[in-house]
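The values are calculated or read from the model by the stated rules, or taken from the named source; none is laboratory data. This is a predicted model, so every value here is computed, not measured. Cβ sites come from the backbone with ideal geometry, for glycine too, and all protein chains shown count toward neighbours.
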Amino acid sequence: MDTVLQHVAPFLIPIVALFIPIVAIVMGVLARMRRAELMHETVRQLVAQGRDIPPQLLDGSLLADRAISGNGGWRNTNGQLIFGAVNVGAGLGVMIMFYAMRPDMWLWAIGCIPLFIGVALLVARKMESKPAPN
């Protein structure tokens, strides 16, 4: 039994790691479908009773997990600032950690991924905060 597990474990870890985001995406899609189904059922009941349908129900602003603007909160510049700063910090931390572990190897460059994502978020926040030209 131990020999089978030793041979399967190197393949099992990446397979499970790949299934985690797939399951998360599927669960998100299923939750959105369920929410839409419940909204349609509510609209059907309101029409059957002869009542008016509130416009907020149709544009999605009554949903608790969405921003009033209807864009999912992406334009929340404070959120971009926080996520950008966290990614920059995490990237620098990973770079320092890997460099301290193996200064002769290239592993420190892995920290560039979250670092550059954080920098991109900070640049996007800076660009969005500028007033539109007249």
Does R51 fit the bill of being outside any helix (DSSP H, G or I) and without any contact (Cβ under 8 Å) to a residue 60 or more places away in the chain?
yes
List the number of the failed condition for A64; all other conditions in (1) modelled with pLDDT under 90; (2) in a helix (DSSP H, G or I) hold.
(2)
Could you check, for the range 32-49, whether at least one of its residues is modelled with pLDDT under 85 and out of contact with any helix residue (DSSP H, G or I) (no Cβ under 9 Å at 6 or more places or on another chain)?
no
List every residue pair whose Cβ atoms sit under 8 Å apart, with the two residues 6 or more apart in sequence or on different chains, where the first one lies in the range 27-45 and is in the same structural domain as D59 (by TED's automatic domain parsing) and on the phi > 0 side of the Ramachandran plot and the second, anywhere, is surrounded by 11 or more Cβ atoms within 10 Å (Cβ to Cβ) and modelled with pLDDT of 90 or more.
none
Could you tell me which of the residues P103, P55 is at pLDDT 80 or above, assigned by TED's automatic domain parsing to the domain that holds R32, surrounded by fewer than 11 Cβ atoms within 10 Å (Cβ to Cβ) and not basic (K, R)?
P55
Can you tell me which residue in the range 76-100 is nearest to V123 (Cα to Cα), limited to those that are aliphatic (A, V, I, L, M) and surrounded by fewer than 16 Cβ atoms within 10 Å (Cβ to Cβ)?
L81
